[in-house]
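I have placed the structure first, in the form of structure tokens, so that the comments after it can refer back to it.
The values are calculated or read from the model by the stated rules, or taken from the named source; none is laboratory data. As the structure is a computational prediction, the values presented were derived from the model and not from experiment. Please note: Cβ atoms are built from the backbone with ideal geometry, for glycine as well, and neighbour counts cover all protein chains shown. Areas reflect the complete protein model, heavy atoms only, side chains present, ligands, DNA and RNA absent. Shrake-Rupley method; radii C 1.70, N 1.55, O 1.52, S 1.80 Å.
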Amino acid sequence: MNIKRNVLLNPGPSTTTDTVKMAQVVPDICPREKEFAGLMKGLREDLVKIVHGKNEDYTSVLFCGSGTINIDVCLNSLLPEGKKILVVNNGAYSTRAVEICEFYGMPHIDLKFPVDERPDLAKVEEILKNNPDIALVHTTHNETGTGILNPIREIGALAHKYGAIFTVDTTSTYAMRPINVYEDNIDFCMASAQKGLMAMTGLSFVVGRTAIIEESKNYPKRSYYCNLFLQYDYFEKTGEMHFTPPVQTVYATIQALKEYFEEGEEAKWARHTRVFEAIHKGLDELGFKDVIKRDEQAGLVVSAVYPNDSNWDFEKVHDYCYERGFTIYPGKISTTNTFRLCALGAIDEEDIVEFFKVFREALEKYEIAIPVKY
Ligand SMILES: *Cc1c(COP(=O)(O)O)cnc(C)c1O
């Protein structure tokens, strides 16, 4: 079968290999069969291995849903009665975590920092010191809206110093930027199959400390479908998801994991880095400015500012590229209009070189000045 290859430069889902696409085409199977439960066991162990967790300390719990389900699950399930959540917030995804706290009516502190700066650790510590009832600290590793890399290791150390657990949204770094749950002081991290793993949409997972999940059995239950302990317990007892899993996505994820371990953590990160540098080179040559200081970027997402040119029209440029197999993604960072080019997915440097040929053609076609003006 010949499937058209598109280069997705949007922040997920990402470009997948044909072998991952084809892995979804399997004989029909009822997911309650032992054969299927067996597949999920290996999958759960591999997900822990990617972040260097030991199976005696960490487990993974799968959910059917997009990545946001993980944030929801972790926050609503891991807060003991009478305690508070601290969200270290410098972007859209941590703001989403704050909204989840609001929706469940969970006591929380929204510690806001500018979106183009790393959080001030002294302020984080001050809040922890003054609020001994904080039981959970949450932040985002790579704020995908801007591409800033947050100091999770340091934030995790502070959380632990003050007796709180640390949950991190690693959706846009997991299986790309190397993560070590021990060294990075992570109790819970998370991702969905469609980003770093380069699989399909519909499967998300939390990797976290088994002992804390077991302890959370007695915490207030705020959701029926999205409770971490209930899903974990069902897996442990039966090997299955509590409710219907995304069957074909599970097959694709297993293939993607095989390809992940074949490529290797280091080689994969080196490839993403090559792509990221090629994106920067291309943008620099055209004169685009990025939002986040280069040395504070996570190496996966570049946010470029719209040029100040009356001919600039993101939609037109997008459509020109899209028709030629390249997807770019718009975004707004506070009041600045931006677009994003991401280094996720089964792509390499040559794809970026090809992309910039097309992108330059689009700028020329619509008479946008090169180098771009600000
Ligand atoms: C993609 C992403 C999510 C999940 O978003 P969905 O729209 O639910 O897929 C969560 N956090 C981060 C940091 C992300 O990049």
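Structure values in brief
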quantity	calculated
Restricting the stretch 73-82 to residues that are part of a helix (DSSP H, G or I) and buried (at least 23 other Cβ atoms within 10 Å of the Cβ), the residue that is farthest from the ligand (Cβ to nearest atom)	77
For residue 166: the one exception among (1) more than 20 Å from residue 265 (Cβ to Cβ); (2) open to solvent by less than 40 Å² (accessible area, probe 1.4 Å); (3) in contact (Cβ under 8 Å) with a residue 40 or more places away in the chain	(3)
Residues that are at pLDDT 95 or above and either under 23 Å from residue 190 (Cβ atoms) or part of a loop (DSSP other than H, G, I, E, B) (or both), drawn from the stretch 12-28	13, 14, 15, 16, 17, 20, 23, 24, 25, 26, 27, 28
Residue selected from the stretch 318-374 under the condition touching a residue at least 24 places away in the same chain (Cβ under 8 Å) and among the polar types (S, T, N, Q), by the criterion most open to solvent (accessible area, probe 1.4 Å)	334
Residue selected from the stretch 205-244 under the condition β-branched (Val, Ile, Thr) and either part of a loop (DSSP other than H, G, I, E, B) or more than 24 Å from the chain's Cα centre (by Cα) (or both), by the criterion farthest from residue 186 (Cα to Cα)	244
Residue match in the stretch 308-317 (condition: open to solvent by 20 Å² or more (accessible area, probe 1.4 Å) and assigned to a helix (DSSP H, G or I))	yes
One residue from 92, 122, 135 being over 30 Å from residue 246 (Cα atoms), surrounded by 15 or more Cβ atoms within 10 Å (Cβ to Cβ) and small (Gly, Ala, Ser)	135
Residues located in the stretch 194-204, provided they are farther than 17 Å from residue 181 by Cα and assigned to a loop (DSSP other than H, G, I, E, B)	194, 195, 197, 198, 199, 200, 201, 202
Condition broken by residue 261, with the remaining ones in (1) crowded, with 19+ Cβ neighbours inside 10 Å; (2) within 26 Å of residue 20 (Cβ to Cβ) satisfied	(1)
So residue 190, is it of a type outside the set (Asp, Glu), assigned to a loop (DSSP other than H, G, I, E, B) and within 26 Å of residue 291 (Cβ to Cβ)	no
Flag if residue 29 is surrounded by fewer than 22 Cβ atoms within 10 Å (Cβ to Cβ) and either of a type in the set (Phe, Trp, Tyr) or within 15 Å of residue 174 (Cβ to Cβ) (or both)	no
Only listed residue being open to solvent by 40 Å² or more (accessible area, probe 1.4 Å), of a type outside the set (Phe, Trp, Tyr) and within 12 Å of the ligand (Cβ to nearest atom), chosen from 173, 201	201
Residue satisfying condition, being surrounded by 24 or more Cβ atoms within 10 Å (Cβ to Cβ) and either β-branched (Val, Ile, Thr) or away from the ligand (no atom under 16 Å from the Cβ) (or both), within set 191, 159	159
Odd one out for residue 145 among (1) open to solvent by 10 Å² or more (accessible area, probe 1.4 Å); (2) more than 16 Å from the ligand (Cβ to nearest atom)	(2)
Exclusive hit being more than 22 Å from residue 162 (Cβ to Cβ) and either in contact (Cβ under 8 Å) with a residue 24 or more places away in the chain or assigned to a loop (DSSP other than H, G, I, E, B) (or both), set 124, 61, 87	61
Residue match in the stretch 205-223 (condition: surrounded by 24 or more Cβ atoms within 10 Å (Cβ to Cβ), over 20 Å from residue 85 (Cβ atoms) and within 13 Å of the ligand (Cβ to nearest atom))	yes
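Here is a yes/no grid of residues against (1) more than 24 Å from the chain's Cα centre (by Cα); (2) crowded, with 22+ Cβ neighbours inside 10 Å; (3) away from the ligand (no atom under 16 Å from the Cβ):
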| residue | (1), (2), (3) |
| --- | --- |
| 34 | yes, no, yes |
| 52 | no, no, yes |
| 57 | no, no, yes |
| 68 | no, no, no |
| 84 | yes, no, yes |
| 88 | no, yes, no |
